[in-house]
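One structure below.
The values are calculated or read from the model by the stated rules, or taken from the named source; none is laboratory data. These numbers were taken from a predicted model, which means no experiment stands behind them. Glycine gets a Cβ as well: all are built from the backbone with ideal geometry, and neighbour counts include every protein chain shown.
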Amino acid sequence: MALHPVVTRVTERVIERSAGPRRRYLDRMAKAKSDGPARAHLSCSGQAHAFAAAGPDQDRLAEAVNGNLGIVTAYNDMLSAHQPFERYPTLIRDAIRAGGGTAQVAGGVPAMCDGVTQGEAGMELSLFSRDVIAMATGVALSHNTFDAAVYLGVCDKIVPGLIIAAQSFGHIPAVFLPAGPMTSGLPNDEKAKVRQRFAEGTATREELLKAEMAAYHGPGTCTFYGTANTNQMLMEFMGLHLPGSSFVNPNTDLRDALTVEGAKRALSLSALGNAYTPVCDILDEKAFVNGIVGLNSTGGSTNLLIHLIAMARAGGIILDWEDFVDLSEVTPLIARVYPNGMADVNQFHAAGGLGFMIGQLLNAGLLHDDTKTVGGDGLENYTHEPKLDAGALTWKKGTGESLNTGILRPTTEPFQETGGVARLVGRLGQGVMKISAVAPEHRVVEAPCRVFHDQEEVKKAFKAKEFEGDVIIVVRFQGPKANGMPELHSLTPMLGIMQGRGQKVALVTDGRMSGASGKVPSAIHVSPEALDGGPIGQLQDGDVIRVDAEAGVLEILDEGVLKRPHATADLSDNQWGAGRDLFNAFRANVGSANTGASVFGDF
């Protein structure tokens, strides 16, 4: 199928925009490749340090003739999504050793859970943790003793941080090894109903906790389609997972087989063999365009409108929100997974999953098929499903038809003709909205605003019954420079209650919403942020705002607003407690949301 002209045009625009920084990046990778791993060139003392704890692998490491695989892990046993990684290093070492190579845990990186810190002070470290993860990975791999690397990470900031670092070491191959989703528990829509009842005061805290624990009940990723599972989708669309591996449940024979094969595949792609495929060759402009198409077609997390930009810049590729919107206009939404629908990711996977979607999008000319991947050349490989045949891992052609059209549909019969992301622009600045779960009748709201500097103030006003008519709630001084750009997901239940009453309601903020943000129209990531002089800082209660996701408008209706002085806010409480005092340098140096909200600047 011929490539869609808009996909071609956006790709060419990205290549042209990125020409200078991309060339400089590839030149650096070429030099790093020519230098090679330092393992064989270390001093005797250096080698002794590097191999001292390697046990039976010491001699092989010293000989430096076989491949050495670095493992970077986000394991901890407090987070369900990362707990399964506890077993991975042993699986990987044994498999690589049996093949004549070696594997070492290069280092660990932090992994925090936005679900735990939601509405808490720790959420203000969440976005910054991505760049900490990238730096921690840089430290892990800085010993320069590895021929390839595998990255064990799943959730919201972990995968983007690992990708940023993997590109810093882009001269070596990288394979990302997921843990998979937990098995299905209490349906997400039932959990959401209990949350709303609790917000209204008709459910007890004991009832709420029981519902939450029935939904989040075992090892693996949360089963809704938030940022974590959007990350897993991207790793397949961009060619860094093995085909079909994203949504295989933890602690199963198939999951273990995919982990072992992923480790073997990483070393097979190293410069020691004949199929050298460094990650800098995989993550090119076409791969990122494929990722954006995947984001739109699945109605994925708005967090990726920040992370994909930061991830791309690490490889010298410059993305703009305009690219996301142009691709959204020609990409049909062909998946409904909670909060965009009732199904969870296990049901999505069973209905045909990513393999079906990739096949559909390839046939519609919406994906580049000529990309390099860890599954081989061409994205067509990702229409195949992994199977165990008498204990051996194989791949077989996946289904060409949806097994549940309430969850997955062909591109010829989509849930909606355009993707799940909208960019809003006007005198209030620019922002983005996840519209895949917002009903068409709720996508345009024009109403007076109420302005707050803290989400707790919004909750107090709600409890005091201050929101009676149509209203646009503005929560400002929530940007990366102000307080690290926390998610405001804890506002979702009360906003949903207001919308359910028949009120026209929307949220406008320079902060973020959860990757699970749903049915209430939310113009988020508003840039410039209030602390950076953005017009959002000039609003007052009663100013009329228009939020129009259909036309892409974020507008102040009274021009006089822009003549006012900017508001100020006391942010001193955002600078200490829960580790926030350690991140002053991050807040002082972070970029804007529309450029990736990164502390690294241009690479």
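Within region 475-490, can one find any residue that is among the basic types (Lys, Arg), farther than 24 Å from ASP344 by Cβ and buried (at least 24 other Cβ atoms within 10 Å of the Cβ)?
Within region 475-490, one or more residues are among the basic types (Lys, Arg), farther than 24 Å from ASP344 by Cβ and buried (at least 24 other Cβ atoms within 10 Å of the Cβ).
Would you mind stating whether MET494 is farther than 24 Å from GLY552 by Cβ and in contact (Cβ under 8 Å) with a residue 60 or more places away in the chain?
Taking the combined requirement at face value, the residue satisfies it.
Across region 44-84, which residue is nearest to GLY153 (Cα to Cα) among those that are buried (at least 18 other Cβ atoms within 10 Å of the Cβ) and of a type in the set (S, T, N, Q)?
Ranking the qualifying residues of region 44-84, first place goes to THR73.
Starting from region 126-141, keep only residues that are assigned by TED's automatic domain parsing to the domain that holds CYS155, then list their pairs with residues that are basic (Lys, Arg) and surrounded by fewer than 24 Cβ atoms within 10 Å (Cβ to Cβ) whose Cβ atoms are within a distance under 9 Å, requiring at least 6 positions of separation or different chains.
PHE128/ARG587
For LEU258, state whether it is assigned to a loop (DSSP other than H, G, I, E, B) and in the same structural domain as ASN229 (by TED's automatic domain parsing). Full working, then the answer.
Working: assigned to a loop (DSSP other than H, G, I, E, B): no; in the same structural domain as ASN229 (by TED's automatic domain parsing): yes.
No.
For LEU367, are the conditions met, namely being hydrophobic (A, V, I, L, M, F, W, C) and either in a helix (DSSP H, G or I) or within 17 Å of GLU236 (Cα to Cα) (or both)?
Values: hydrophobic (A, V, I, L, M, F, W, C): yes; either in a helix (DSSP H, G or I) or within 17 Å of GLU236 (Cα to Cα) (or both): yes.
The answer is yes for LEU367.
Given the options TYR75, TYR25, name the one that is touching a helix residue (DSSP H, G or I) at 6+ places or on another chain (Cβ under 8 Å), aromatic (Phe, Trp, Tyr) and under 23 Å from LEU269 (Cα atoms).
TYR25
Can you find a residue that is crowded, with 19+ Cβ neighbours inside 10 Å, among the basic types (Lys, Arg) and within 28 Å of the chain's Cα centre (by Cα) anywhere in region 396-404?
Going residue by residue through region 396-404, those that are crowded, with 19+ Cβ neighbours inside 10 Å are 398, 402.
Going one step further and asking which of them are among the basic types (Lys, Arg), we end up with none.
No: zero hits.
Out of contact with any His (no Cβ under 9 Å at 6 or more places or on another chain), crowded, with 20+ Cβ neighbours inside 10 Å and of a type in the set (A, V, I, L, M): which single residue out of ALA174, ALA214, ALA203 fits that description?
On the way: ALA214 fails: crowded, with 20+ Cβ neighbours inside 10 Å; ALA203 fails: crowded, with 20+ Cβ neighbours inside 10 Å.
Answer to the check: ALA174.
If I ask for residues that are without any contact (Cβ under 8 Å) to a residue 12 or more places away in the chain and of a type outside the set (Ser, Thr, Tyr), which ones from region 397-435 would you list?
The one that is without any contact (Cβ under 8 Å) to a residue 12 or more places away in the chain and of a type outside the set (Ser, Thr, Tyr): GLU413.
Could you please let me know if THR277 is among the hydroxyl-bearing types (Ser, Thr, Tyr), assigned by TED's automatic domain parsing to the domain that holds ALA98 and part of a helix (DSSP H, G or I)?
Working: among the hydroxyl-bearing types (Ser, Thr, Tyr): yes; assigned by TED's automatic domain parsing to the domain that holds ALA98: yes; part of a helix (DSSP H, G or I): no.
The answer is no for THR277.
Would you mind telling me which numbered condition in (1) at pLDDT 95 or above; (2) in contact with a Ser or Thr (Cβ under 9 Å, 6 or more places away or on another chain) VAL421 fails?
Of the numbered conditions (1) at pLDDT 95 or above; (2) in contact with a Ser or Thr (Cβ under 9 Å, 6 or more places away or on another chain), the odd one out for VAL421 is (1).
Inside region 141-165, can you point out the residues that are small (Gly, Ala, Ser) and touching a Leu at 6+ places or on another chain (Cβ under 8 Å)?
We begin by selecting, within region 141-165, every residue small (Gly, Ala, Ser); these are 142, 148-149, 153, 161, 165.
ALA148, ALA149, GLY153, ALA165 - these are the residues of region 141-165 that are small (Gly, Ala, Ser) and touching a Leu at 6+ places or on another chain (Cβ under 8 Å).
Looking at GLU457, is it without any contact (Cβ under 8 Å) to a residue 40 or more places away in the chain, under 17 Å from THR298 (Cα atoms), out of contact with any Asp or Glu (no Cβ under 8 Å at 6 or more places or on another chain) and not assigned by TED's automatic domain parsing to the domain that holds PRO332? Working first, answer last.
Details: without any contact (Cβ under 8 Å) to a residue 40 or more places away in the chain: yes; under 17 Å from THR298 (Cα atoms): no; out of contact with any Asp or Glu (no Cβ under 8 Å at 6 or more places or on another chain): yes; not assigned by TED's automatic domain parsing to the domain that holds PRO332: yes.
No, not satisfied.
Among ALA179, ALA203, ALA192, which is outside the structural domain of PHE85 (by TED's automatic domain parsing), among the small types (Gly, Ala, Ser) and in a loop (DSSP other than H, G, I, E, B)? Steps first, please.
Values: ALA179 fails: outside the structural domain of PHE85 (by TED's automatic domain parsing); ALA192 fails: in a loop (DSSP other than H, G, I, E, B).
It is ALA203.
Among the helices (runs of 4 or more DSSP H) confined wholly to region 107-170, which include 1 or more residues that are within 30 Å of ARG60 (Cβ to Cβ) and of a type outside the set (Ser, Thr, Tyr)? So that I can check it myself, show each step before the final result.
Numbers: elements: 114-117, 126-141, 158-168.
In region 107-170, 126-141, 158-168 are the helices (runs of 4 or more DSSP H) which contain 1 or more residues that are within 30 Å of ARG60 (Cβ to Cβ) and of a type outside the set (Ser, Thr, Tyr).
Taking region 103-162 as the search range and keeping residues that are within 19 Å of CYS280 (Cα to Cα), surrounded by fewer than 24 Cβ atoms within 10 Å (Cβ to Cβ) and among the hydroxyl-bearing types (Ser, Thr, Tyr), which one is modelled with the highest pLDDT?
The selected residue is SER142.
Looking at region 263-283, which of its residues are crowded, with 23+ Cβ neighbours inside 10 Å and either among the charged types (D, E, K, R) or in contact with a strand residue (DSSP E or B) (Cβ under 6 Å, 6 or more places away or on another chain) (or both)?
Within region 263-283, ALA263, ALA266, LEU267, VAL279 qualify.
Take SER436 and tell me if it is at pLDDT 95 or above, small (Gly, Ala, Ser), surrounded by 17 or more Cβ atoms within 10 Å (Cβ to Cβ) and outside the structural domain of LEU240 (by TED's automatic domain parsing). Full working, then the answer.
Details: at pLDDT 95 or above: no; small (Gly, Ala, Ser): yes; surrounded by 17 or more Cβ atoms within 10 Å (Cβ to Cβ): yes; outside the structural domain of LEU240 (by TED's automatic domain parsing): yes.
In short, no.
Is at least one residue of region 85-96 buried (at least 17 other Cβ atoms within 10 Å of the Cβ), farther than 30 Å from CYS155 by Cα and not acidic (Asp, Glu)?
No, region 85-96 contains no residue that is buried (at least 17 other Cβ atoms within 10 Å of the Cβ), farther than 30 Å from CYS155 by Cα and not acidic (Asp, Glu).
Could you check region 499-603 for strands (runs of 3 or more DSSP E) lying wholly inside it with 2 or more residues that are buried (at least 22 other Cβ atoms within 10 Å of the Cβ)?
Hits in region 499-603: 505-509, 522-527, 544-548.
Any residue in region 166-186 that is over 22 Å from SER80 (Cα atoms) sitting within a Cβ distance under 6 Å of a residue that is modelled with pLDDT under 95 and not hydroxyl-bearing (Ser, Thr, Tyr)? List the pairs, counting only those 6 or more apart or interchain.
Hits for this filter: HIS171/ALA32; HIS171/LYS33.
Only helices (runs of 4 or more DSSP H) wholly contained in region 1-71 count here; list those with 2 or more residues that are under 25 Å from the mean Cα position of the chain (by Cα). Reasoning before the result, please.
Details: elements: 5-35, 44-51, 58-63.
So the answer is 5-35.
Restricting attention to region 224-248, and to residues there that are touching a Ser or Thr at 6+ places or on another chain (Cβ under 6 Å) and part of a loop (DSSP other than H, G, I, E, B), which single residue is surrounded by the fewest Cβ atoms within 10 Å (Cβ to Cβ)?
Among them, the one singled out is GLY226.
Counting only residues that are over 14 Å from LYS434 (Cα atoms) and part of a helix (DSSP H, G or I), how many does region 298-326 have?
We begin by selecting, within region 298-326, every residue over 14 Å from LYS434 (Cα atoms); these are 307-320, 322-323, 326.
From what is left, the residues that are part of a helix (DSSP H, G or I) are 307-313, 322-323, 326.
Residues in region 298-326 being over 14 Å from LYS434 (Cα atoms) and part of a helix (DSSP H, G or I): 10 in total.
Quick check on this structure: which one of ILE96, ILE71 is over 21 Å from GLY161 (Cβ atoms) and not charged (D, E, K, R)? Lay out the reasoning, then the answer.
Details: ILE71 fails: over 21 Å from GLY161 (Cβ atoms).
Step by step, each of ILE96, ILE71 is checked, and only ILE96 is over 21 Å from GLY161 (Cβ atoms) and not charged (D, E, K, R).
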